[in-house]
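*Asks:* Before I ask anything, let me first share the structure, which is written out below as structure tokens.
The values are calculated or read from the model by the stated rules, or taken from the named source; none is laboratory data. Just so it is clear, the model here is predicted, and its values are computed rather than measured. Glycine also receives a Cβ, built like all others from the backbone with ideal geometry; neighbour counts cover every protein chain displayed. To get the accessible areas, we keep the full protein, side chains included, count just its heavy atoms, and leave off ligands, DNA and RNA. Shrake-Rupley method; radii C 1.70, N 1.55, O 1.52, S 1.80 Å.
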Amino acid sequence: MRTLIVNIGTVATGDSQAPLADADSILIEDGRIAAVGRALNGDAAAAGHIDQLIDAKGTTAIPGLIDSHAHPVFGDFTPRQQTLNFIESGLHGGVTTVISAGEVHLPGRPKDVVGLKALAIVAAKSYANVRPAGVKVRAGAPILEVGLEEHDFAEMAAAGVTLIGEIGLGSVKTGEQAAPMVAWAKQHGMTVTFHTGGPSIAGSNPIAADAVLEARPHIVGHVNGGTTAMSDADIERVVDTDMAIEIVHCGNGRAALHALRAAQAVNGLDRVIIGNDAPSGTGVVPLGILRVMAHLASLGGIDPALAVAFATGNTARVHGLDVGVLAPGRAADIALVDAPTGSAASSALEALSIGDLPGVSMVLIDGEVRIGRSRNTPPATRAAELVGGGPVPGGH
């Protein structure tokens, strides 16, 4: 299957080192990006048949967004908010990959060693077998409890568990308790997130910088709080490391900007990633990733193409994913976005820079068109078109 997207206004690559590409077209072959460049329609036609042609109508191409911090349970239902199809709803916000920070909202979540391992393994295998609305969900993120030993991490890793849920939501809450477990997790190829800030659910714990610095996870979870943030001084301490710095929608907006400035001061913007931290008490937030991007670009003064990288390529690098960057060889998860109707902006990136949410015009996952105009974002000024194809599902 060969798909060609033409008439792209701007390509925001998701690569923080080269956030814009000199390109107006993208060629996709068998679900992966084959080429990004100019006038590929001539080259592609010469190389063979095009099965699907998409006219981007001058919209901006960005990688499908990655939600670095979600709390799924099973399928597309959240017990926390009693809501169906929250993952599908996020697709309408441009999110094509969701990463679990722990399946904490399962009613009666087991906290014994056998039970927590079983939950992680089942969640990992379940989401490996199902993609709600086509969205890729990486799940099975155990919440660490006192009593876990090295062989438990080996067992989970052998069964396909690649994540550790945010440390601090269980009985493991100090750096001394967490450090050996983080080392075991890293040894077995797992990506580790540490909760920071005040408690977020019953039974969780406030976590400050000392515990994180002693344990050295891969990701400083919701550095701006989930919802209550650490002190500014503690934020600065964890930012001045080599760990990924996660900013979430369901957190403290002022602390988000402080963390951003701290990351700029230590040349650490390539470590900034974006998550929702939902479903949570704040709710289900389909446009949360777009909102954080607009917040950081408009109030934090970040180049909007770099804000795109925070929500795509930076997260993909931390988790070792083949998505998140518009480059040959990567999975063809692509969102075509534009300034919303009525905005003072003339493009999606300009909209982010003034605080408007871009309108999602079309989303592809593995090269397959999943939706047209989003039902959740404001209407995109321009709508990408599947040339010669049938109607594309969407909302506007």
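*Asks:* Does ILE273 fit the bill of being open to solvent by less than 10 Å² (accessible area, probe 1.4 Å), in contact (Cβ under 8 Å) with a residue 60 or more places away in the chain and touching a strand residue (DSSP E or B) at 6+ places or on another chain (Cβ under 6 Å)?
*Replies:* Judged against the criteria, ILE273 is a match.
*Asks:* Within segment 55-73, identify whether any single residue is open to solvent by 10 Å² or more (accessible area, probe 1.4 Å) and without any contact (Cβ under 8 Å) to a residue 40 or more places away in the chain, and answer yes or no.
*Replies:* No: zero hits.
*Asks:* Oh, and also: Search segment 31-51 for residues being open to solvent by less than 60 Å² (accessible area, probe 1.4 Å) and modelled with pLDDT of 95 or more, and hand back the single one that is farthest from LEU364 (Cα to Cα).
*Replies:* Per the stated criteria, the residue is GLY37.
*Asks:* Working only within segment 300-322, note down all residues that are surrounded by 20 or more Cβ atoms within 10 Å (Cβ to Cβ) and farther than 20 Å from ILE354 by Cα.
*Replies:* Hits for segment 300-322 are THR312, GLY313, ASN314, THR315, ALA316, VAL318, HIS319, LEU321.
*Asks:* Can we say ILE28 is touching a Ser or Thr at 6+ places or on another chain (Cβ under 9 Å), open to solvent by less than 20 Å² (accessible area, probe 1.4 Å) and either modelled with pLDDT of 95 or more or of a type in the set (Val, Ile, Thr) (or both)? Before the answer, list the steps.
*Replies:* Working: touching a Ser or Thr at 6+ places or on another chain (Cβ under 9 Å): yes; open to solvent by less than 20 Å² (accessible area, probe 1.4 Å): yes; either modelled with pLDDT of 95 or more or of a type in the set (Val, Ile, Thr) (or both): yes.
Criteria met by ILE28.
*Asks:* Of the residues in segment 115-137, how many are open to solvent by 20 Å² or more (accessible area, probe 1.4 Å), farther than 21 Å from VAL192 by Cβ, part of a helix (DSSP H, G or I) and not aliphatic (A, V, I, L, M)?
*Replies:* Selection size over segment 115-137: 2.
*Asks:* Further question: What is the number of the single condition among (1) modelled with pLDDT under 95; (2) assigned to a helix (DSSP H, G or I) that LEU213 does not meet?
*Replies:* Condition (1) is where LEU213 drops out.
*Asks:* Further question on the same structure: Would it be correct to say that SER200 is under 19 Å from VAL104 (Cβ atoms), open to solvent by less than 60 Å² (accessible area, probe 1.4 Å), assigned to a loop (DSSP other than H, G, I, E, B) and without any contact (Cβ under 8 Å) to a residue 40 or more places away in the chain?
*Replies:* Details: under 19 Å from VAL104 (Cβ atoms): yes; open to solvent by less than 60 Å² (accessible area, probe 1.4 Å): yes; assigned to a loop (DSSP other than H, G, I, E, B): yes; without any contact (Cβ under 8 Å) to a residue 40 or more places away in the chain: no.
When the stated conditions are applied, SER200 does not pass them.
*Asks:* Can you find, within segment 328-351, the residue that is farthest from ARG370 (Cα to Cα) among those that are without any contact (Cβ under 8 Å) to a residue 40 or more places away in the chain and surrounded by fewer than 19 Cβ atoms within 10 Å (Cβ to Cβ)? So that I can check it myself, show each step before the final result.
*Replies:* Initially, segment 328-351 is screened for residues without any contact (Cβ under 8 Å) to a residue 40 or more places away in the chain, giving 342-346.
Still in the list and also surrounded by fewer than 19 Cβ atoms within 10 Å (Cβ to Cβ): 342, 344, 346.
Details: GLY342: 26, ALA344: 29, SER346: 25 Å.
Of everything passing the filter in segment 328-351, ALA344 is farthest from ARG370 (Cα to Cα).
*Asks:* Further, regarding this structure: Looking only at segment 282-299, filter to residues that are part of a loop (DSSP other than H, G, I, E, B) and either in contact with a Pro (Cβ under 9 Å, 6 or more places away or on another chain) or under 23 Å from PHE86 (Cα atoms) (or both); which one of those is most open to solvent (accessible area, probe 1.4 Å)?
*Replies:* THR282
*Asks:* Looking at (1) outside any helix (DSSP H, G or I); (2) among the aliphatic types (A, V, I, L, M); (3) surrounded by fewer than 18 Cβ atoms within 10 Å (Cβ to Cβ), can you tell me which one ALA233 breaks?
*Replies:* (1)
*Asks:* Residues HIS258, HIS222, HIS195: which one is under 21 Å from PHE310 (Cβ atoms) and open to solvent by 10 Å² or more (accessible area, probe 1.4 Å)?
*Replies:* Criteria check complete, one pass: HIS258.
*Asks:* Checking VAL192 against (1) out of contact with any strand residue (DSSP E or B) (no Cβ under 9 Å at 6 or more places or on another chain); (2) not in a loop (DSSP other than H, G, I, E, B), only one condition comes out false. Which one?
*Replies:* (1)
*Asks:* Just to verify a result, which residue in segment 60-114, among those that are of a type in the set (Ser, Thr, Tyr) and either touching a helix residue (DSSP H, G or I) at 6+ places or on another chain (Cβ under 7 Å) or part of a strand (DSSP E or B) (or both), is nearest to PRO358 (Cα to Cα)?
*Replies:* Top of the filtered list is THR60.
*Asks:* Now for a separate question. Restricting the search to segment 179-189, which residues are open to solvent by 10 Å² or more (accessible area, probe 1.4 Å) and either part of a strand (DSSP E or B) or among the β-branched types (Val, Ile, Thr) (or both)?
*Replies:* Passing the criteria: none in range.
*Asks:* Under 7 Å by Cβ, and 6 or more places apart or on different chains, what pairs join a residue from segment 157-179 that is under 19 Å from GLU246 (Cβ atoms) with one that is open to solvent by less than 30 Å² (accessible area, probe 1.4 Å) and modelled with pLDDT under 95?
*Replies:* GLY168/SER204; GLY168/ASN205; GLY168/ILE207; LEU169/SER204; LYS173/ASN205; LYS173/ILE207
*Asks:* Hey, can you tell me all the residues within segment 248-270 that are in a helix (DSSP H, G or I) and in contact (Cβ under 8 Å) with a residue 60 or more places away in the chain? Break it down stepwise before answering.
*Replies:* First pass over segment 248-270, keeping only residues in a helix (DSSP H, G or I): 253-265, 269-270.
Result: LEU269, ASP270.
*Asks:* Here's another thing I want to ask about it. Given the conditions (1) of a type in the set (Val, Ile, Thr); (2) in contact with a helix residue (DSSP H, G or I) (Cβ under 6 Å, 6 or more places away or on another chain); (3) surrounded by fewer than 22 Cβ atoms within 10 Å (Cβ to Cβ), report the number of the one that VAL325 does not fulfil.
*Replies:* (3)
*Asks:* Also, I was wondering about something else. Would you confirm, using the coordinates I've provided, whether HIS249 is buried (at least 24 other Cβ atoms within 10 Å of the Cβ) and of a type outside the set (Val, Ile, Thr)?
*Replies:* Yes.
*Asks:* Would segment 90-102 turn up any residue that is farther than 24 Å from ARG375 by Cβ and more than 11 Å from the chain's Cα centre (by Cα)?
*Replies:* Yes: segment 90-102 contains one or more residues that are farther than 24 Å from ARG375 by Cβ and more than 11 Å from the chain's Cα centre (by Cα).
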